[in-house]
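To start, the structure under review is shown below, and the notes come after it.
The values are calculated or read from the model by the stated rules, or taken from the named source; none is laboratory data. Keep in mind the model is a prediction, meaning the values are calculated, not measured. Neighbour counts are summed over all protein chains in view; Cβ atoms, including those assigned to glycine, are modelled from backbone coordinates with ideal geometry. In case anyone asks, the SASA skips ligands and DNA or RNA and just uses the protein heavy atoms, side chains included. Shrake-Rupley method; radii C 1.70, N 1.55, O 1.52, S 1.80 Å.
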Amino acid sequence: QVQLVESGGGLVQAGGSLRLSCAASGSIFAISTMGWYRQAPGKQRELVAAVTSGGSTNYADSVKGRFTVSRDNAKNTVYLQMVSLKPEDTAVYYCNANARATYYFDYWGQGTQVTVSS
């Protein structure tokens with residue numbers, strides 16, 4: 001009932017910037033929290049940043065001051081602005097949304113690769 005589509009990943013040099021976008025579509029009644037997770041090879045998937053319907057944000061310590069998460073409720077879209085990228089930011093980034101169609105459920109995007117070269 002709900003689909004998430006990410007865009008904006010790619011290859012950048014250390015110190016560069018990228019902006020990720022994730023748009024939710026389908027029979028959406030409401031979305032509580034939208035955010036981004038990432039998973040590097042051999043590592044556990046971790047929360048990067050999230051934003052609630054009320055605008056509260058949460059960031060991993062490793063990205064505070066460098067990444068900014070925001071959302072456009074009218075477009076059902078969440079963004080992740082990433083600056084001062086480091087090689088350790090290299091991972092597949094996944095969009096997540098806790099959305100209600102008939103009930104609240106966690107939905108995931110397919111993931112987009114972010115690679116930061118040194």
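Which of the following residues is over 21 Å from Gly10 (Cα atoms), of a type outside the set (Gly, Ala, Ser) and open to solvent by less than 60 Å² (accessible area, probe 1.4 Å): Asp61, Asp89, Asp72, Asp106?
That would be Asp72, the only listed residue that is over 21 Å from Gly10 (Cα atoms), of a type outside the set (Gly, Ala, Ser) and open to solvent by less than 60 Å² (accessible area, probe 1.4 Å).
Would you call Tyr37 modelled with pLDDT of 95 or more, closer than 13 Å to Tyr107 by Cβ, touching a Phe, Trp or Tyr at 6+ places or on another chain (Cβ under 9 Å) and not aliphatic (A, V, I, L, M)?
yes
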